Structures are given as C-alpha cells and as structure tokens.
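The structure under discussion appears below in the form of structure tokens.
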Amino acid sequence: HDFKFGCAIPTRRELAQDHCTDAQIAAVYDYIAGFGNCVTPENAFKIQSLSPKEGVWDFSQADEIVQWCLDHDKTMKIHNLISLMVSSWLTECSPAELQTKCCSYVSAVLVRYKDLRLKDGRYLVYAADGFNEAVHGNRDLSPEFINAAFDAMLADSEQRWAEALD
C-alpha cells in the first residue's frame, strides 16, 4: 500500500556504542526488515553526523542505511537535515552566514540521494525533515530562512522533490 508506516532505524555504529553484540545488531535489523514499508534514520542524516566540522563530510553511516533500504525494499524519510542545537560549527555564524551554510549543506545532501530508486522504480527518499528545533533559544529561524532552505531542497531536482512533497 502507499501509506507509509515504519520505524526509526539506528546505524550499526550507534548500536555498537550502546554495547550491542553483533548478534543483537543483526536481530534489530532483522526485526526492522519485517516491520512496515519505510524507515526513518535516527541520526545518520543529521548535520553533526554527515558534517561534524565545516567542510568535512562523512557519508559512511548514511550510505550504510541507504544501502540497507535498497537491499530491503524500504523507502526512507530523511530526518533531520539541520539540528541547530548540536551543530557546533554553526553556532557562531551570523544569520546570513547560517542561512548560506545550511542551504549549501541541505542541497549537497539531497543531491547525493535524491535520484536513488528501489527495485520497483519507487524513489528511495519520499520525504525529508528540514529542521529540528527550528525555534530554539536565540537561534530562531525566520520564515525567509526556512523558505530559502526549502528552495535549496528543490534545487537541481527536475521537479521530483516538488512532486514528492505535494
């Protein structure tokens, strides 16, 4: 069916950090494989995972989840691209710098994964959470900022993202 129903999926690294054995990790992934038709990565796509420092990229955890989804015919909602509460390299930016850096980050991530398809032709990524803590302390994000980031999400997409977000 088209209704998306699933669960959060941790990375193997996250499970190992929680002291799970290889057998326990395999059991978690086996359970998730039989549960629903989609997943939401817990932390693999958060800015602190993909870009722990400005200009430094580590796609290993995200790529692991993506490959698992492709292997198990699961669509995926990316959660969440910008988490200002924990992205230390963004905390000292001016609002204009923050907007520029976040838009570049969002665009780079979505361009990397936007065209991947499952075996039956469906797009792997069906949605993306742009922000977590969009209003947080003194780093409130203006509507202009959020709209600019949304425009970045749609850039270079040939209307695929626009259709998926309708």
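Just so it is clear, none of the values below were taken in a lab; they were calculated from the coordinates. If you're wondering where the values come from, they're calculated on a predicted model, not measured in any experiment. Backbone-built Cβ (ideal geometry, glycine too); neighbour counts: all protein chains shown.
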Rank 20, 3, 70 by how far each Cα sits towards the positive end of the charge dipole of segment 1-74 (+1 on Lys, Arg Cβ; -1 on Asp, Glu Cβ) and give me just the farthest. 3
What is the magnitude of the charge dipole of segment 13-62 about its Cα centre, with +1 placed on the Cβ of each Lys and Arg, -1 on the Cβ of each Asp and Glu, and no other charges, expressed in debye to the nearest 20? 140
Could you tell me, in Å, what Rg and Dmax come out for the Cα atoms of segment 1-103? 15.6, 47
Computed magnitude of the charge dipole of segment 1-84 (debye, nearest 20; Cβ of K, R +1, Cβ of D, E -1): 240
